[in-house]
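The values are calculated or read from the model by the stated rules, or taken from the named source; none is laboratory data. Source: prediction; values computed, not measured. For neighbour counting, all protein chains shown are included, and Cβ atoms are generated from backbone atoms with ideal geometry for every residue, glycine included.
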Amino acid sequence: MVTALGYGTTGLSLGQRVVGLTDWYRDGTLAEYVAVEARNLAPLPDGLDFTEGASLPISGLTAWQGLFLHGRLQAGESVLVHGAAGAVGSMATQLARETGAHVVGTGRAADRAAALEFGAQKFVDLANDTLEDVGEVDLVFDVIGGDIGKRSARLIRSGGRLVSVVGPAEVWPDGGVAIDFVVESDSARLWELARRVRDGRLRTNIGTVAPLEDAVAALNPPVRRTGKTIIRVRP
Ligand SMILES: NC(=O)c1ccc[n+]([C@@H]2O[C@H](COP(=O)([O-])OP(=O)(O)OC[C@H]3O[C@@H](n4cnc5c(N)ncnc54)[C@H](OP(=O)(O)O)[C@@H]3O)[C@@H](O)[C@H]2O)c1
(Lines give C-alpha, C1' and ligand atoms only; values in the text may rest on other atoms or scores of the structure.)
Protein backbone atom coordinates (compact mmCIF):
# COMPACT_ATOMS: atom_id res chain seq x y z
CA MET A 1 0.00 0.00 0.00
CA VAL A 2 1.57 3.26 -1.06
CA THR A 3 0.83 6.86 -1.70
CA ALA A 4 0.72 7.53 -5.43
CA LEU A 5 3.76 9.35 -6.77
CA GLY A 6 3.22 8.88 -10.49
CA TYR A 7 -0.11 8.15 -12.00
CA GLY A 8 -0.09 8.53 -15.76
CA THR A 9 -3.56 8.45 -17.24
CA THR A 10 -5.22 6.30 -14.59
CA GLY A 11 -7.28 9.05 -12.99
CA LEU A 12 -5.32 8.85 -9.73
CA SER A 13 -4.16 12.13 -8.29
CA LEU A 14 -0.81 12.87 -6.74
CA GLY A 15 -0.62 11.94 -3.07
CA GLN A 16 -3.87 9.99 -3.19
CA ARG A 17 -4.33 7.03 -0.85
CA VAL A 18 -4.38 3.89 -2.95
CA VAL A 19 -4.80 0.15 -2.70
CA GLY A 20 -3.55 -2.45 -5.14
CA LEU A 21 -2.34 -5.86 -6.09
CA THR A 22 1.13 -6.02 -7.58
CA ASP A 23 1.60 -8.44 -10.43
CA TRP A 24 3.12 -11.85 -9.77
CA TYR A 25 6.26 -11.29 -11.82
CA ARG A 26 8.01 -9.03 -9.36
CA ASP A 27 9.04 -9.09 -5.70
CA GLY A 28 6.47 -8.60 -2.97
CA THR A 29 5.45 -5.55 -1.03
CA LEU A 30 6.84 -6.19 2.46
CA ALA A 31 8.97 -3.05 2.27
CA GLU A 32 8.72 0.62 3.13
CA TYR A 33 8.85 1.64 -0.52
CA VAL A 34 7.77 -0.38 -3.54
CA ALA A 35 7.29 0.57 -7.16
CA VAL A 36 3.84 -0.46 -8.39
CA GLU A 37 2.44 0.14 -11.84
CA ALA A 38 -0.33 2.73 -11.65
CA ARG A 39 -2.67 0.44 -13.61
CA ASN A 40 -2.63 -1.95 -10.62
CA LEU A 41 -3.83 0.68 -8.16
CA ALA A 42 -7.28 1.83 -7.15
CA PRO A 43 -8.16 4.78 -4.92
CA LEU A 44 -8.79 3.88 -1.29
CA PRO A 45 -12.20 5.39 -0.54
CA ASP A 46 -12.55 7.90 2.28
CA GLY A 47 -13.70 6.10 5.39
CA LEU A 48 -11.51 3.05 4.80
CA ASP A 49 -8.20 2.75 6.58
CA PHE A 50 -5.13 1.06 5.15
CA THR A 51 -5.69 -2.08 7.22
CA GLU A 52 -9.12 -2.55 5.69
CA GLY A 53 -7.71 -1.71 2.28
CA ALA A 54 -4.90 -4.24 2.64
CA SER A 55 -7.37 -7.01 3.39
CA LEU A 56 -9.10 -6.58 0.05
CA PRO A 57 -6.95 -7.04 -3.07
CA ILE A 58 -6.05 -10.74 -2.90
CA SER A 59 -9.09 -12.00 -1.02
CA GLY A 60 -11.67 -9.81 -2.72
CA LEU A 61 -10.37 -10.15 -6.26
CA THR A 62 -9.83 -13.90 -5.89
CA ALA A 63 -13.39 -14.32 -4.68
CA TRP A 64 -14.84 -12.13 -7.43
CA GLN A 65 -12.83 -13.69 -10.25
CA GLY A 66 -13.53 -17.21 -9.00
CA LEU A 67 -17.27 -16.70 -8.67
CA PHE A 68 -18.05 -14.55 -11.68
CA LEU A 69 -15.20 -14.46 -14.20
CA HIS A 70 -14.36 -18.17 -14.06
CA GLY A 71 -17.37 -19.61 -12.22
CA ARG A 72 -20.04 -17.72 -14.20
CA LEU A 73 -22.27 -17.70 -11.13
CA GLN A 74 -25.83 -16.50 -11.75
CA ALA A 75 -28.65 -15.49 -9.45
CA GLY A 76 -30.63 -18.52 -8.33
CA GLU A 77 -27.72 -20.95 -8.67
CA SER A 78 -26.18 -22.84 -5.78
CA VAL A 79 -22.54 -22.57 -4.80
CA LEU A 80 -20.47 -24.58 -2.36
CA VAL A 81 -17.85 -22.27 -0.85
CA HIS A 82 -15.08 -24.11 0.96
CA GLY A 83 -13.32 -22.34 3.80
CA ALA A 84 -16.25 -19.95 4.06
CA ALA A 85 -14.93 -18.25 7.20
CA GLY A 86 -11.45 -17.79 5.70
CA ALA A 87 -10.05 -14.76 3.95
CA VAL A 88 -11.11 -15.71 0.40
CA GLY A 89 -14.14 -17.80 1.40
CA SER A 90 -15.74 -15.07 3.49
CA MET A 91 -15.56 -12.68 0.53
CA ALA A 92 -16.90 -15.35 -1.84
CA THR A 93 -19.77 -16.11 0.52
CA GLN A 94 -20.82 -12.46 0.74
CA LEU A 95 -20.47 -11.74 -2.98
CA ALA A 96 -22.36 -14.89 -3.94
CA ARG A 97 -25.22 -13.98 -1.62
CA GLU A 98 -25.30 -10.44 -2.98
CA THR A 99 -25.81 -11.84 -6.46
CA GLY A 100 -28.72 -13.98 -5.35
CA ALA A 101 -27.05 -17.38 -5.20
CA HIS A 102 -27.74 -20.04 -2.57
CA VAL A 103 -24.55 -20.51 -0.54
CA VAL A 104 -23.40 -23.58 1.35
CA GLY A 105 -20.22 -22.84 3.27
CA THR A 106 -17.73 -25.30 4.73
CA GLY A 107 -14.88 -25.27 7.19
CA ARG A 108 -13.91 -26.36 10.69
CA ALA A 109 -16.48 -26.78 13.46
CA ALA A 110 -15.25 -23.52 15.01
CA ASP A 111 -16.01 -21.65 11.77
CA ARG A 112 -19.74 -22.35 11.72
CA ALA A 113 -20.95 -19.14 13.37
CA ALA A 114 -18.61 -16.93 11.35
CA ALA A 115 -19.54 -18.56 8.04
CA LEU A 116 -23.25 -18.13 8.76
CA GLU A 117 -22.65 -14.50 9.73
CA PHE A 118 -20.88 -13.91 6.42
CA GLY A 119 -24.07 -15.13 4.76
CA ALA A 120 -23.80 -18.88 4.19
CA GLN A 121 -27.31 -20.35 4.32
CA LYS A 122 -26.00 -23.73 5.39
CA PHE A 123 -22.70 -24.84 6.89
CA VAL A 124 -20.86 -28.14 6.57
CA ASP A 125 -18.28 -28.98 9.21
CA LEU A 126 -15.91 -30.99 7.03
CA ALA A 127 -14.67 -33.13 9.93
CA ASN A 128 -18.04 -34.03 11.42
CA ASP A 129 -20.75 -33.57 8.80
CA THR A 130 -21.14 -35.45 5.53
CA LEU A 131 -20.23 -33.30 2.56
CA GLU A 132 -22.32 -35.46 0.23
CA ASP A 133 -25.48 -34.47 2.15
CA VAL A 134 -25.22 -31.07 0.43
CA GLY A 135 -26.65 -32.63 -2.73
CA GLU A 136 -26.10 -31.15 -6.18
CA VAL A 137 -24.65 -27.69 -6.69
CA ASP A 138 -23.98 -25.53 -9.75
CA LEU A 139 -20.58 -24.28 -8.64
CA VAL A 140 -17.86 -25.32 -6.21
CA PHE A 141 -15.36 -22.70 -5.07
CA ASP A 142 -12.44 -24.70 -3.75
CA VAL A 143 -9.74 -23.24 -1.48
CA ILE A 144 -8.79 -26.61 0.05
CA GLY A 145 -8.20 -29.19 -2.72
CA GLY A 146 -7.07 -32.78 -2.11
CA ASP A 147 -9.77 -35.22 -1.08
CA ILE A 148 -12.24 -32.39 -0.41
CA GLY A 149 -11.74 -31.15 -3.96
CA LYS A 150 -12.30 -34.61 -5.42
CA ARG A 151 -15.45 -35.26 -3.41
CA SER A 152 -16.76 -31.81 -4.27
CA ALA A 153 -16.40 -32.44 -8.01
CA ARG A 154 -18.90 -35.27 -7.69
CA LEU A 155 -21.52 -32.91 -6.24
CA ILE A 156 -21.61 -30.71 -9.33
CA ARG A 157 -24.60 -31.06 -11.56
CA SER A 158 -24.16 -31.56 -15.29
CA GLY A 159 -22.96 -28.34 -16.87
CA GLY A 160 -21.65 -27.07 -13.55
CA ARG A 161 -18.28 -25.61 -12.68
CA LEU A 162 -15.47 -26.44 -10.27
CA VAL A 163 -13.24 -23.44 -9.63
CA SER A 164 -10.06 -23.98 -7.67
CA VAL A 165 -7.47 -21.57 -6.32
CA VAL A 166 -5.26 -24.38 -5.02
CA GLY A 167 -4.21 -26.09 -8.24
CA PRO A 168 -5.71 -28.18 -11.02
CA ALA A 169 -8.65 -30.41 -10.14
CA GLU A 170 -7.86 -34.11 -9.76
CA VAL A 171 -11.46 -35.05 -10.59
CA TRP A 172 -13.54 -33.24 -13.19
CA PRO A 173 -17.26 -32.75 -12.71
CA ASP A 174 -19.37 -35.01 -14.95
CA GLY A 175 -20.50 -32.95 -17.92
CA GLY A 176 -18.97 -29.83 -16.41
CA VAL A 177 -15.73 -27.91 -16.33
CA ALA A 178 -12.88 -27.51 -13.87
CA ILE A 179 -10.86 -24.31 -13.80
CA ASP A 180 -7.91 -23.35 -11.66
CA PHE A 181 -6.60 -19.84 -11.72
CA VAL A 182 -4.32 -17.32 -10.05
CA VAL A 183 -5.83 -13.97 -9.12
CA GLU A 184 -4.97 -11.05 -11.36
CA SER A 185 -4.89 -7.37 -10.72
CA ASP A 186 -8.08 -5.52 -11.66
CA SER A 187 -8.12 -1.98 -10.37
CA ALA A 188 -11.67 -1.21 -11.53
CA ARG A 189 -13.06 -4.24 -9.71
CA LEU A 190 -10.93 -3.48 -6.66
CA TRP A 191 -12.43 0.00 -6.55
CA GLU A 192 -15.91 -1.55 -6.63
CA LEU A 193 -15.02 -3.93 -3.82
CA ALA A 194 -13.56 -1.11 -1.73
CA ARG A 195 -16.72 0.96 -2.25
CA ARG A 196 -18.82 -1.99 -1.11
CA VAL A 197 -16.84 -2.06 2.13
CA ARG A 198 -17.19 1.70 2.53
CA ASP A 199 -20.95 1.44 1.99
CA GLY A 200 -21.32 -1.44 4.45
CA ARG A 201 -22.25 -3.99 1.77
CA LEU A 202 -19.11 -6.12 2.22
CA ARG A 203 -17.36 -7.01 5.46
CA THR A 204 -13.61 -7.37 5.58
CA ASN A 205 -12.15 -10.36 7.40
CA ILE A 206 -9.11 -9.02 9.18
CA GLY A 207 -7.11 -11.40 11.35
CA THR A 208 -3.70 -10.69 12.80
CA VAL A 209 -2.29 -7.20 12.27
CA ALA A 210 1.48 -7.20 12.79
CA PRO A 211 4.30 -4.69 12.29
CA LEU A 212 6.78 -5.20 9.45
CA GLU A 213 9.51 -6.48 11.80
CA ASP A 214 7.18 -9.32 12.88
CA ALA A 215 6.04 -10.17 9.35
CA VAL A 216 7.77 -13.55 9.06
CA ALA A 217 6.34 -14.77 12.37
CA ALA A 218 2.89 -13.37 11.61
CA LEU A 219 2.77 -15.09 8.23
CA ASN A 220 3.93 -18.40 9.74
CA PRO A 221 1.81 -18.68 12.88
CA PRO A 222 2.46 -21.66 15.18
CA VAL A 223 -1.24 -21.87 16.04
CA ARG A 224 -4.43 -21.54 14.02
CA ARG A 225 -5.34 -17.96 13.17
CA THR A 226 -8.42 -16.77 11.36
CA GLY A 227 -8.86 -13.93 8.89
CA LYS A 228 -6.43 -12.12 6.63
CA THR A 229 -3.02 -11.37 8.09
CA ILE A 230 -2.10 -7.72 7.60
CA ILE A 231 1.42 -6.35 7.83
CA ARG A 232 1.65 -2.70 8.84
CA VAL A 233 4.68 -1.06 7.27
CA ARG A 234 4.27 2.14 9.24
CA PRO A 235 2.99 2.29 12.84
N1 LIG B 1 -4.86 -18.96 -6.77
C2 LIG B 1 -4.98 -17.76 -6.20
O3 LIG B 1 -4.96 -16.73 -6.87
C4 LIG B 1 -5.15 -17.67 -4.71
C5 LIG B 1 -5.52 -16.45 -4.15
C6 LIG B 1 -5.74 -16.39 -2.77
C7 LIG B 1 -5.56 -17.51 -2.00
N8 LIG B 1 -5.16 -18.68 -2.59
C9 LIG B 1 -4.99 -19.90 -1.78
O10 LIG B 1 -6.28 -20.24 -1.30
C11 LIG B 1 -6.16 -20.87 -0.05
C12 LIG B 1 -7.06 -20.15 0.96
O13 LIG B 1 -6.58 -18.84 1.15
P14 LIG B 1 -7.21 -17.94 2.31
O15 LIG B 1 -6.41 -16.70 2.36
O16 LIG B 1 -8.68 -17.86 2.19
O17 LIG B 1 -6.83 -18.85 3.60
P18 LIG B 1 -7.57 -18.90 5.00
O19 LIG B 1 -7.95 -17.54 5.45
O20 LIG B 1 -6.70 -19.73 5.88
O21 LIG B 1 -8.94 -19.68 4.68
C22 LIG B 1 -9.01 -21.05 4.41
C23 LIG B 1 -10.10 -21.61 5.30
O24 LIG B 1 -10.33 -22.97 4.97
C25 LIG B 1 -10.22 -23.76 6.14
N26 LIG B 1 -9.74 -25.09 5.82
C27 LIG B 1 -8.62 -25.42 5.16
N28 LIG B 1 -8.51 -26.76 5.07
C29 LIG B 1 -9.60 -27.27 5.71
C30 LIG B 1 -10.06 -28.58 5.96
N31 LIG B 1 -9.39 -29.67 5.55
N32 LIG B 1 -11.22 -28.73 6.64
C33 LIG B 1 -11.90 -27.66 7.06
N34 LIG B 1 -11.52 -26.39 6.87
C35 LIG B 1 -10.37 -26.20 6.18
C36 LIG B 1 -9.20 -23.01 6.98
O37 LIG B 1 -9.21 -23.44 8.29
P38 LIG B 1 -7.78 -23.61 9.05
O39 LIG B 1 -7.22 -22.24 9.15
O40 LIG B 1 -8.12 -24.22 10.34
O41 LIG B 1 -6.95 -24.52 8.17
C42 LIG B 1 -9.67 -21.58 6.77
O43 LIG B 1 -10.78 -21.27 7.59
C44 LIG B 1 -4.67 -20.83 0.32
O45 LIG B 1 -4.09 -22.07 -0.03
C46 LIG B 1 -4.13 -19.72 -0.55
O47 LIG B 1 -2.76 -19.88 -0.84
C48 LIG B 1 -4.96 -18.78 -3.93
Original post:
Do we find a residue being under 17 Å from the mean Cα position of the chain (by Cα), among the aliphatic types (A, V, I, L, M) and surrounded by 14 or more Cβ atoms within 10 Å (Cβ to Cβ) anywhere in the range 214-228?
Top reply: no
Original post:
Is it true that some residue in the range 110-122 is within 11 Å of the ligand (Cβ to nearest atom), surrounded by fewer than 18 Cβ atoms within 10 Å (Cβ to Cβ) and charged (D, E, K, R)?
Top reply: no
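So, in the range 185-203, how many residues would count as being part of a loop (DSSP other than H, G, I, E, B) and closer than 21 Å to LEU69 by Cβ? Before you say what the answer is, go through the steps one by one.
Just the residues of the range 185-203 that are part of a loop (DSSP other than H, G, I, E, B), to begin with: 185-186, 199-203.
Then drop every residue that is not closer than 21 Å to LEU69 by Cβ, which leaves 185-186, 201-202.
Counting residues in the range 185-203 that are part of a loop (DSSP other than H, G, I, E, B) and closer than 21 Å to LEU69 by Cβ gives 4.
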Subject >> the range 179-189, subset closer than 24 Å to ALA115 by Cβ and touching a strand residue (DSSP E or B) at 6+ places or on another chain (Cβ under 6 Å), residue nearest to the ligand (Cβ to nearest atom) >> reply: ASP180
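Test SER152 against the criterion of being assigned by TED's automatic domain parsing to the domain that holds ALA63 and free of Cβ contacts under 8 Å to residues at least 40 places away in the same chain, and give yes or no. If you could, list the steps in order and put the result at the bottom.
Details: assigned by TED's automatic domain parsing to the domain that holds ALA63: yes; free of Cβ contacts under 8 Å to residues at least 40 places away in the same chain: no.
Here the answer is no, as SER152 does not meet what is asked.
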**OP:** Looking at (1) more than 14 Å from the chain's Cα centre (by Cα); (2) near the ligand (Cβ under 10 Å from one of its atoms), find the lone condition where ASP129 falls short.
**Re:** (2)
Subject >> Count - residues of the range 24-45 that are hydroxyl-bearing (Ser, Thr, Tyr) and loosely packed, with under 15 Cβ neighbours inside 10 Å >> reply: 2
Subject >> Any hit, the range 36-48, residues being in contact with a Phe, Trp or Tyr (Cβ under 7 Å, 6 or more places away or on another chain) and within 30 Å of GLU132 (Cα to Cα) >> reply: no
Original post:
Considering GLY83, GLY66, which residue is in a loop (DSSP other than H, G, I, E, B), surrounded by 16 or more Cβ atoms within 10 Å (Cβ to Cβ) and within 14 Å of the chain's Cα centre (by Cα)?
Top reply: GLY83
Original post:
With respect to the numbered conditions (1) assigned to a helix (DSSP H, G or I); (2) assigned by TED's automatic domain parsing to the domain that holds ARG198; (3) buried (at least 17 other Cβ atoms within 10 Å of the Cβ), which one is the sole condition not fulfilled by LEU95?
Top reply: (2)
Original post:
Of LEU21, LEU61, LEU48, LEU73, which residue is buried (at least 24 other Cβ atoms within 10 Å of the Cβ) and at pLDDT 90 or above?
Top reply: LEU73
Subject >> Residue check, ASP129 acidic (Asp, Glu) and closer than 20 Å to VAL183 by Cα >> reply: no
